[in-house]
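A.B. asks: Following this message is one structure expressed as structure tokens.
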Amino acid sequence: MSARITRTRLFAAGTVALAAFALTACQDGGSATGAERPASSAPATPEATPSTGTGTPGAGGGGGAEGTGSSVDSGAGKGTGSGKGTGAGKGTGAGKGTGTGSSAGSDRPGKCSAATVRITATQVTRPVNHLLLTATNRGKKTCLLPPYPMARFGEAQSVPPVAPETRPQSVTGLAPGESGYAGVRLSAGDGSAEGGMTVHSLTVPFDDGSIATVSLPAKGVYVDDSLTVTYWQADLETALDW
């Protein structure tokens, strides 16, 4: 009997103690278990920050396209980015040079011709018994005269000799419109030469094979064995001064 009373008293005391503990916990804001609940908080998620990368222009003669790349910073304190530069370019060039030309000296004037150069004959008073030959370039290109006129008077079988002292420094050239001159001694002034005769025709060949026919005065000209010509000269005075 006494043992049952004792158990009853112990149960009642435990119940009272438990109730008191529960009341104390409620007053302290705790949970029924007495464990303090931690404050709940969510970690802040940083806003993703975009970053950009620029690529290197492609190498090439034509210039490549510029490459671009992008990256996003995510997570706490971490940033990743990538950039790629791609470019494609091709440079091509083609050039051809063509030219035609002959050997050195091709720019030199060609030979004068009867087709482009006209020769006239004028009988002068000074010096006596002299004839002046004038060659005029009527063409469009500069040409070179023969060294001297190989004049053939009438039906002569040979041409007169050239006076060596009248030789110029170089062959006479004629630009379009220009003239060259040569003097002709028709006969001896004192009548000492032989073989004299009057002629009415004159021809002068060119180095290209063409032949110019030169008009003489209507009465003709008197020639003898002293017939001599000068080299072609660039001026009239030199042609007659010998």
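A.B. asks: Of all residues in the stretch 131-158, count the ones that are free of Cβ contacts under 8 Å to residues at least 12 places away in the same chain and in contact with a Lys or Arg (Cβ under 9 Å, 6 or more places away or on another chain).
C.D. replies: Residues that pass the stated criteria total 1.
A.B. asks: Okay, moving on. Specify the residue that is nearest to the chain's Cα centre (by Cα); the eligible residues are those in the stretch 177-206 that are at pLDDT below 95 and hydrophobic (A, V, I, L, M, F, W, C).
C.D. replies: Only one residue tops the list, namely A188.
A.B. asks: Restricting to the stretch 123-154, give me the number of residues that are in a loop (DSSP other than H, G, I, E, B) and over 20 Å from Q169 (Cα atoms). Can you show your working first?
C.D. replies: Residues of the stretch 123-154 in a loop (DSSP other than H, G, I, E, B): 125-129, 138-142, 145-151, 154.
Cutting the leftovers down to over 20 Å from Q169 (Cα atoms) gives us 125-129, 138-141, 151, 154.
Qualifying residue count, the stretch 123-154: 11.
A.B. asks: Within the stretch 215-230, can one find any residue that is open to solvent by less than 60 Å² (accessible area, probe 1.4 Å), within 30 Å of K140 (Cβ to Cβ) and under 47 Å from the mean Cα position of the chain (by Cα)?
C.D. replies: In the first step, residues of the stretch 215-230 are kept if they are open to solvent by less than 60 Å² (accessible area, probe 1.4 Å); the result is 216-217, 220-221, 223-224, 226-230.
Still in the list and also within 30 Å of K140 (Cβ to Cβ): 216, 229-230.
Retained after the next criterion (residues that are under 47 Å from the mean Cα position of the chain (by Cα)): none.
No, the stretch 215-230 contains no residue that is open to solvent by less than 60 Å² (accessible area, probe 1.4 Å), within 30 Å of K140 (Cβ to Cβ) and under 47 Å from the mean Cα position of the chain (by Cα).
A.B. asks: From P161, P147, P127, which residue is surrounded by fewer than 17 Cβ atoms within 10 Å (Cβ to Cβ), closer than 16 Å to S226 by Cα and at pLDDT 95 or above? Talk me through it step by step, then tell me what you get.
C.D. replies: Working: P147 fails: closer than 16 Å to S226 by Cα; P127 fails: at pLDDT 95 or above.
Result: P161 is the single residue among P161, P147, P127 that is surrounded by fewer than 17 Cβ atoms within 10 Å (Cβ to Cβ), closer than 16 Å to S226 by Cα and at pLDDT 95 or above.
A.B. asks: Looking at the structure I just gave you, is E155 at pLDDT below 95, touching a Ser or Thr at 6+ places or on another chain (Cβ under 9 Å) and not aliphatic (A, V, I, L, M)? Explain how you work it out, then say what you get.
C.D. replies: On the way: at pLDDT below 95: yes; touching a Ser or Thr at 6+ places or on another chain (Cβ under 9 Å): yes; not aliphatic (A, V, I, L, M): yes.
Here the answer is yes, as E155 does meet what is asked.
The values are calculated or read from the model by the stated rules, or taken from the named source; none is laboratory data. Quick caveat, the model's predicted, so the values are computed rather than measured. Cβ atoms come from the backbone with ideal geometry, glycine included; neighbour counts cover every protein chain shown. These accessible areas exclude ligands, DNA and RNA; they are computed on the full protein's heavy atoms, side chains included. Shrake-Rupley method; radii C 1.70, N 1.55, O 1.52, S 1.80 Å.
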